[in-house]
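> Have a look at this one before I ask anything.
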Amino acid sequence: MHILIRFAIAFSLLALCSVAQGKHAITFEDLAKVQRIADPQLSPDGKWIAYEVGTVDMAANKVVRHIWMIAADGGEPRQLTRGEGSDTRPRWSPGGKHLAFISTRGGSSQVWILPMDGGDARQLTSISTEADGVVWAAHGDTLLFTSQVYPDCADDACNARKLKEAAESKVKAQIFTELLFRHWDSWREGRYTHLFAVPAQGGVPRDLTPGAVDSPTFSLEGADGYAISPDGTEVCYSSNPSKGAAGQSAAAWSTNNDLFLVSAQGGEAHNITSDNPGSDSTPVYSPNGRYIAYTSQARDGYESDLIRLRVYDRDTKKITELTPGFDQWVGSFAWAPDNNTIYFTAGDHARQPVFKTSVSAPKVEKVLDGSNDEITVSPDGQWMVLARTSLTAPSAVYRVATTGGSPTLLTHENDALLGELDMNPAEFVNTPGALGAEIQNLMLKPPGFDPAKKYPGLLLVHGGPQGDWNDGWSYRWNAQMFAARGYVVLMTNFHGSTGYGQKFVEQISGDWGGAAYQDLMKATDYLAGLSYVDKSRLVAAGASFGGFMIDWIACHTDRFQALVSHDGVYDNPSEYGETDELWFDEWEFKGVPWDKESMALRVKLSPSTYVQNIKTPMLLVQGAKDFRVPEGQAFQLFSALQRRGVPSKLLYFPDEGHWVLKPQNSQLWYKTVLGWLDEHAQKEK
C-alpha cells in the first residue's frame, strides 16, 4: 500500500477515535481553564518541589497565581498559598525550613516567608516602592530583592513621600533628560531598578546599587540579572555603564551590560567583564561559590548576537568560554553539585533540548530532546527537575535523569482537561527557501482531519525577527486555537529565526523584505499545493516583526484573502523616533536615520513606501502601552487603508502593551482575529 494512503487511513482512524472518545476542538473557554504551571524549585534536600500555578479569573480579568508543592518522586500536590492576591517566585531557605515568595496580598508586592513546618506566612518587607525578584543565599540568612526607587532618596521615607506627592498632584506632566524614559509598557517616572539585601529575620533593607542607573538591568535573555553568593556575603549583578557623547546614559542604544561584584553589606562595586563590549548577564554562582557562570554576547548594540555560556573564576579572576563552537543561543542553565558540570537549554530546530558542558572540559553534549526550560539539578547530581511543553500540552513539571532518558511527569493539574481536547501534534516539513537554504516549518492539521476534504490554509509569521516558532504551548497566538477553527496552519522559521545557527539568524539584518519574504512565499506555495488545502482560501497573520511582514506581504502580493497585522512596524523612518530600544533599530537598519545610507534602507524596507499596492482586507491590532512598536505605526496604516477604501478594521487596546495579557482582552482578541479570518476564508470559493 502506498505510504500516503496508509497515512490517510491512519489519520481517519485517529479522527474516528477522537469522536468516539467524545473529544472536542479547543475553544477559548478551554484555553482559559488551563492551569499555568511555572518556576519549579527543588528543595535543598531534593525531596520537594515548589512551583507556581496560575488560574484565570475571568470576572476579575486577571491571572491569579499561587504556590503549590509536590514530592520530587511524585504524588498528590499540596497548595501552600491562597487568597485574592497572587503569590509567585518561591525560593527555599538554606535548610529548606522556609519558603520565601513574592505576594501581592495586602495591595502591594512584597517579600513574604512561609514556615514549612506549619504556621502562617509573615511579611518580610514593607518597602513603599514594592519588592520583586526575591533570591535567598544558599548558606546564609540574606535575601535579595529588586525595587524601583528614586535615585536621590537615601531611605524609604523619602521614596514614600515622593510617591505620595506624585499620586496627589494634579499635574501629571513629566520632564525627561535622557532616553529610555519609557520601556516595553512602562514609564520610568524618575525611578530606577536597584538591588536590596535584607536579613531573613527582618530589618531595614540595604540598597546595594545606588545611583541613577538600572542595577540590575532588565535581562535581554529574560532571566535574573543578579545572584547572591552561597554564603550570602557577595552579590553579582548586571548594569550598563555606557555613556553617550554628552555624558548621558547610553542604555537606549548600547547593550554593553557588564557584571559587577559588591559586598552584601554594600560598598564599592567591581566590574568583572569590562573587556567584553557586548552584553554580560544572568550570573549564577557555583554551589561552592568559586565560580560565576553567566551568558555573554560579543558585540555591542546587537541583541541577537550569539548567546554564549562563560564562567568567571573568583580565585584566579580568569574567564573561560564553556560553549566553544556551539552555534545556538544558550537559554536557562543550572550548576550540578560537583561545581564543574552545567546543564543548559538552547533552541535547536524548533525545540529546546537540554545540553551540558563543564568547567574542566568545556565541550557541549546533548542530554535530552524536546522543549525544556527552568532546570534544577538534584543534590546528588543524578537527576533534574525541569519544565516541558509542546504544541499539544502546556508547561508541566518533569523529573529526568541527568544522563537523559524518558522524563516522568510529576504535575497533573491539566490532565483531565487535555484528555477532553482533540489536538493534533506538530508535523515538521521542509520547504525550499532563499539563498539556497532549506526552511523548516511546523504544520498543524485541524481536529478530525479528513484528507479528502478541502481546508483553508493559514500562514503564521513569528516576531523577533530573531525568534522562532517552536513545539511549545502558548496562551498568545496559540496555534491549536487556529487549527480548531478548521485551518491547516503553517508556521515557518524563515531566515532570521533562531535555532538554525548564528549565520541564519544574521541573514535578516538589513534585509527585512528579502530572504524572509521569499521563504514565506515558498512555504505558502507548499501550503497551497497540498491536496487538502483550498488555495483560493489562504490567509496570513503575524505580530511584531510578523506584523511588519504581514504589512509587507499586503504591499507585494494579493494571493491571500485576508491578513492580520498585530503591533507591526509600518513606517521604518518614523519607527526609530517612536520606539524605546534604539540599539535594535540601529543594528537592523545599519545606522541612524540621519545617515543617508541607513535612511535609504529604511525607506526601501518600509511597507509605507508601497502602500498604494495594498488590496487585501486587513485587520490591525494595537496596544496603547506598546512602546516597542508604538501606536502611531498602526494608526498610519489604518488611515491609509481607510483613505484608499481597502476593507480594514482596527482593534485597539488602551490597556495592553506589545502583548495582550488580560483574560477578557484575550477573549476579545481571539474572537476578533478568528472572526476576521473566518469571514474571508471559511466560505468555499
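The values are calculated or read from the model by the stated rules, or taken from the named source; none is laboratory data. No experiment lies behind these values; they were computed from the predicted model shown. Using ideal geometry, Cβ is built from the backbone for each residue, glycine included, and neighbour counts are taken over all protein chains shown. Note: areas computed on protein heavy atoms with side chains; ligands, DNA, RNA excluded. Shrake-Rupley method; radii C 1.70, N 1.55, O 1.52, S 1.80 Å.
> When each pair of different Cα atoms in region 161-264 is counted once in the 1/r mean, what is the Kirkwood radius in angstroms, to one decimal?
The Cα-based Kirkwood calculation yields 15.7 Å.
> A further question follows. With 14 Å as the cut-off, how large is the P(r) tail for region 543-587, expressed as percent of Cα-Cα pairs?
53
> Leaving out ligands and nucleic acids, and using a 1.4 Å probe, what accessible area per residue does region 243-398 come to in Å²?
Here the per-residue accessible area is 37 Å².
> Full extension from ASP380 to GLN265: what is 0.36 nm times the residue separation minus their Cα-Cα distance, to one decimal in nm?
38.2 nm
> Could I ask something else about it? Per residue, how many Å² of accessible area does region 532-606 show with a 1.4 Å probe?
Accessible area per residue, region 532-606: 31 Å².
> What share of Cα pairs, in percent, lie more than 27 angstrom apart in region 243-374?
In whole percent, the share of Cα-Cα pairs in region 243-374 beyond 27 Å is 23.
> Still on this model: Rounded to whole Å, give me the distance from the Cα center of region 152-229 to that of region 45-64.
A separation of 27 Å, based on Cα centres.
> Now, a different point. Per q in 0.25 1/Å, what log10 I(q)/I(0) does a Debye calculation on the alpha-carbon atoms of region 438-534 return?
Rounded to two decimals, the profile gives -1.28.
> A follow-up question, please. If you average the alpha carbon positions of region 613-685 and of region 403-455, how far apart do those two centres end up, in angstrom?
The two parts, judged by their Cα centres, are 27 Å apart.
> Moving on to the next point. For LYS33, go through the lysines and keep the ones whose alpha-carbon is under 30 Å away, minus same-chain ones fewer than eight residues off.
Answer for LYS33, where 30 Å is the Cα cut-off: LYS23, LYS47, LYS62, LYS445, LYS625, LYS649, LYS662, LYS671, listed by chain and number.
> A further question on this structure: From the Cα gyration tensor of region 630-678, with a ≥ b ≥ c the square roots of its eigenvalues, which class applies: rounded if a/c is under 1.5, or else prolate if a/b is larger than b/c, or else oblate?
Verdict is oblate for region 630-678.
> Which order do the peptides 650-657, 285-292 take when ranked by the mean count of other beta-carbon atoms within 10 Å per residue, highest first?
Per-residue Cβ counts within 10 Å, averaged per peptide and sorted highest first, yield 285-292, 650-657.
> When only Cα pairs under 8 Å and 6 or more residues apart are kept, what is the percent relative contact order across the chain?
Relative contact order here is 10 percent.
> Classify region 23-168 from the C-alpha gyration tensor, please: rounded if a/c falls under 1.5, else prolate or oblate depending on whether a/b exceeds b/c.
Oblate, since a/c reaches 1.5 and b/c is not below a/b.
> If you fit an axis through the alpha-carbon atoms of helix 3-20 and take the longest principal axis of the Cα set of the chain, what angle between them do you get, 0 to 90°, nearest 10?
Roughly 70 degrees, rounded to the nearest 10.
> Whole number please: convex hull volume per residue of the Cα set in region 166-226, in Å³?
Value for region 166-226: 138 Å³ per residue.
> State whether region 593-685 is rounded, prolate or oblate according to the following rule on the C-alpha gyration tensor (a ≥ b ≥ c being the square roots of its eigenvalues): a/c under 1.5 gives rounded; otherwise a/b larger than b/c gives prolate, and the remaining case gives oblate.
oblate
> At most 10 other Cβ atoms within 10 Å and a DSSP loop assignment: could you name the trypsin sites (Lys or Arg not before Pro) in region 144-188 that fit?
LYS170, LYS172
> Run the helix sum for the chain: -39,500 (n - 2.57) per DSSP H stretch of 4+ residues, divided by residue count, reported at 222 nm to the nearest 500 deg cm²/dmol.
Value at 222 nm, helices only: -6000 deg cm²/dmol.
> If you don't mind, there's one more thing I want to ask. Could you work out the mean projected area of the convex hull around the alpha carbons of the chain, in square nanometres to one decimal?
In nm², the orientation-averaged hull projection of the chain is 31.0.
> What Rg and what Dmax come out for region 522-649 when only alpha-carbon atoms are used, in angstroms?
Taking only Cα atoms of region 522-649, I get Rg and Dmax of 15.3, 50 Å.
> Then there is this: For region 102-197, compute Rg over Rh where Rg is the Cα radius of gyration and Rh is the Kirkwood radius from the inverse mean 1/r over Cα pairs.
1.03
> For region 277-352 and region 66-139, what is the separation of their C-alpha centers, rounded to whole Å?
What the calculation gives is 28 Å, centre to centre.
> State the three equivalent ellipsoid semi-axes of region 182-322, derived from the C-alpha gyration tensor as the square roots of 5 times its eigenvalues, in descending order and whole Å.
23, 21, 13
> Carbon and sulfur: what percent of region 47-132's accessible surface (1.4 Å probe)?
Ligands and nucleic acids excluded, carbon and sulfur reach 45 percent.
> Assign unit charges at the C-beta atoms only (+1 for Lys and Arg, -1 for Asp and Glu), then state the dipole size of region 316-385 relative to its Cα centre in Debye, rounded to the nearest 20.
In debye, rounded to 20, region 316-385 gives about 260.
> Using a 1.4 Å probe on the protein chains only, how many percent of the accessible area of region 446-486 belongs to carbon and sulfur?
44
> Just need the relative contact order of region 194-280 here, percent rounded to a whole number, with Cα pairs under 8 Å and 6+ apart.
23 percent.
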